[in-house]
Amino acid sequence: MFNKSFKIINNQSMIFFKSFFFLRFVFAIFFISTLLFFSIPKLFDFKKDEKIVKIFLENNYDLEVKNLTSINYNIFPSPNLSLQNSSFKVKNYPINLQTENMKIFLKFKNIYNLSKLEPKKIVFKETNSDLDIELTKELSNFFQNFDYKLKIESLNINFQKDGKSIFEIEKINFSNYGFKRNKIEGILFKERFIIDYSKKRNNFNFKINDLGIKAVLDLEQNNFNDFLKGIIKINFLESLIKSNFNLKKEQIDLTKTNFKNKDLFFTFDSVITFNPYFLTKSNIDIISIEDSFLKKISFENILLKNEIIKKLNSENVVKYKANKFSKGLIKDFTSKINFINGNLIFESISKIIGGTINCKGDILLIDSYPRLNFQCSIIFDNTKNFLKSFSIASNANVNELFFDVKGSINILNNKINFDEITVNKEQSLKEKETRYYKQIFEKFLLDEGLFFIIKKSKVKTFLLELT
């Protein structure tokens with residue numbers, strides 16, 4: 001009985017081990033077959049299939065292949081064709097792409113037969129493009145209209161106008177599938193940004209975390225082939241900007257724009273055009289401005305942005321009207337301020353109690369030591385009212401005074417030079433008198449910087465020194 005039971009157990013064990021060894025051989029055969037299936041194409045010359053790949057890219061992706069160094073087959077991370085050092089042109093548009101490595105990931109059925117190519121996904125790696133800024137929407141549409149999975153790794157775009165660079169966006173990463181679907185990452189002005197696009201809400205969320213900038217772009221329509229309209233909201237440095245925008249073929253219109261924080265509140269309308277050159281035109285109304293905001297302005301930090309300043313071209317009209325409770329010196333202010341390739345040109349009219357100040361001038365901001373050249377006419381039609389606003393008594397018989405002043409200010413070290421000071425359009429001050437005005441001007445008005453020249457308490461101290 002015992003021998004019979006042992007024999008049965010032994011037979012069952014033999015069957016198990018035979019099955020195990022059989023499966024081991026089956027697995028080995030399967031592994032070797034699979035390895036050969038994926039590896040044998042490494043021996044093929046895919047250069048002969050170049051025409052098939054070109055036709056596929058042109059018919060399915062509107063990509064015309066202009067140059068192709070080589071086509072290589074890779075096994076990992078999954079079977080793919082690698083197009084090395086390729087140049088492409090987007091069909092019907094003057095958009096060119098230079099790619100170090102474009103990968104077409106293959107389905108199993110295409111590994112040995114590319115005649116009916118249907119890739120699993122396409123990946124662009126290390127791609128560069130010099131793009132006319134007017135074609136931005138066309139490039140966006142091109143990437144959005146991909147029917148297959150698309151991934152972009154390190155795309156660099158140099159936005160240009162008439163062959164001249166305006167700005168660059170570097171190391172752009174994008175995917176239309178997976179965890180990072182419709183998320184764009186890149187570097188703009190040396191700062192890393194993230195953009196999330198939601199088709200459901202039809203909006204973009206933009207972030208530059210290092211600068212604390214957040215923006216939401218709500219679109220009115222889904223059709224990217226038409227003009228884009230909507231509302232943009234931007235939060236940065238405890239400030240809020242809200243604006244209606246209309247993106248057209250050659251310009252952007254910004255209307256009903258509000259900028260507000262605890263130190264500054266203004267509204268503006270702007271038109272940003274790209275043709276025939278990059279230009280912004282703005283009408284700005286300042287509602288309120290605090291001294292604390294002016295103290296934060298650093299000319300040294302502004303002038304460090306030399307490359308950005310060179311590209312500024314804008315025409316601006318700035319207005320300010322003090323409310324009836326204001327105790328400031330200026331009651332009404334209008335200025336035209338134009339930027340032309342680093343040069344700032346201005347004209348301004350300031351209405352004060354008892355008079356008017358008219359000024360014009362310019363400054364080359366990209367100079368190593370920028371100087372503000374100015375020419376001002378100071379007209380007092382009621383000197384008594386002017387001095388009364390500072391609680392300064394006047395026994396003068398003359399109620400009208402005219403000053404014409406020409407000179408320049410070094411905005412970095414707060415030093416002023418007077419070229420000429422004329423009183424009542426006839427009497428020019430002598431050199432000794434001019435030096436005296438220079439000393440007290442720098443001591444009492446320029447000691448805190450250019451923006452505090454018109455601070456009422458400082459002007460009062462200056463006037464008391466003169467009297």
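Examine the range 444-463 for a residue that is in a helix (DSSP H, G or I), free of Cβ contacts under 8 Å to residues at least 40 places away in the same chain and within 20 Å of Asn399 (Cα to Cα), and state whether such a residue exists. Explain how you work it out, then say what you get.
Looking only at the range 444-463, we keep the residues that are in a helix (DSSP H, G or I), and these are 444, 450-452, 456-463.
Checking the rest, the ones that are also free of Cβ contacts under 8 Å to residues at least 40 places away in the same chain come to 444, 457-458, 461-462.
Filter once more, so that each one left must be within 20 Å of Asn399 (Cα to Cα): 462.
Checked the range 444-463: at least one residue is in a helix (DSSP H, G or I), free of Cβ contacts under 8 Å to residues at least 40 places away in the same chain and within 20 Å of Asn399 (Cα to Cα).
Is it true that some residue in the range 242-260 is at pLDDT 90 or above, hydroxyl-bearing (Ser, Thr, Tyr), assigned to a strand (DSSP E or B) and surrounded by 15 or more Cβ atoms within 10 Å (Cβ to Cβ)?
yes
Would the range 282-300 turn up any residue that is of a type in the set (A, V, I, L, M) and under 16 Å from the mean Cα position of the chain (by Cα)?
No, the range 282-300 contains no residue that is of a type in the set (A, V, I, L, M) and under 16 Å from the mean Cα position of the chain (by Cα).
Find all pairs meeting these conditions: Cβ atoms under 9 angstrom apart; at least six residues apart or on different chains; first residue within the range 51-79 and in the same structural domain as Phe142 (by TED's automatic domain parsing) and assigned to a helix (DSSP H, G or I); second residue surrounded by 15 or more Cβ atoms within 10 Å (Cβ to Cβ) and among the hydroxyl-bearing types (Ser, Thr, Tyr).
Going by the 9 Å Cβ cut-off, the qualifying pairs are Asn60/Tyr148; Tyr61/Tyr148.
Search the range 106-128 for residues that are buried (at least 18 other Cβ atoms within 10 Å of the Cβ) and at pLDDT below 85 and pair each with any residue that is assigned to a strand (DSSP E or B) and not basic (Lys, Arg) when their beta-carbon atoms are under 8 Å apart and the residues are at least 6 apart or on different chains.
If the second residue must be assigned to a strand (DSSP E or B) and not basic (Lys, Arg), the pairs left are Leu117/Ile104.
Which numbered condition in (1) in a helix (DSSP H, G or I); (2) closer than 22 Å to Gly361 by Cα is the only one that Thr422 fails?
So Thr422 meets the others, but not (1).
Taking the conditions exactly as written (charged (D, E, K, R), assigned by TED's automatic domain parsing to the domain that holds Lys103 and surrounded by fewer than 15 Cβ atoms within 10 Å (Cβ to Cβ)), does Lys164 satisfy them or not?
Working: charged (D, E, K, R): yes; assigned by TED's automatic domain parsing to the domain that holds Lys103: yes; surrounded by fewer than 15 Cβ atoms within 10 Å (Cβ to Cβ): yes.
For Lys164, the condition - charged (D, E, K, R), assigned by TED's automatic domain parsing to the domain that holds Lys103 and surrounded by fewer than 15 Cβ atoms within 10 Å (Cβ to Cβ) - is met.
Of all the residues that make up the range 260-298, how many are among the hydroxyl-bearing types (Ser, Thr, Tyr), farther than 19 Å from Ser314 by Cβ and touching a residue at least 24 places away in the same chain (Cβ under 8 Å)?
2
Can you tell me how many residues within the range 71-92 are more than 15 Å from Lys47 (Cα to Cα), among the aromatic types (Phe, Trp, Tyr) and at pLDDT 85 or above?
We begin by selecting, within the range 71-92, every residue more than 15 Å from Lys47 (Cα to Cα); these are 75-79, 87-92.
Adding the requirement that they be among the aromatic types (Phe, Trp, Tyr) leaves 76, 88.
Still in the list and also at pLDDT 85 or above: 88.
Here the count works out to 1.
Might you let me know whether the range 170-193 holds any residue that is farther than 17 Å from Lys121 by Cα, touching a Phe, Trp or Tyr at 6+ places or on another chain (Cβ under 7 Å), at pLDDT below 90 and surrounded by 15 or more Cβ atoms within 10 Å (Cβ to Cβ)?
Looking for residues that are farther than 17 Å from Lys121 by Cα, touching a Phe, Trp or Tyr at 6+ places or on another chain (Cβ under 7 Å), at pLDDT below 90 and surrounded by 15 or more Cβ atoms within 10 Å (Cβ to Cβ), one finds none in the range 170-193, hence no.
The values are calculated or read from the model by the stated rules, or taken from the named source; none is laboratory data. Values in this document were obtained by computation on a predicted structure and should not be read as measured data. Please note: Cβ atoms are built from the backbone with ideal geometry, for glycine as well, and neighbour counts cover all protein chains shown.
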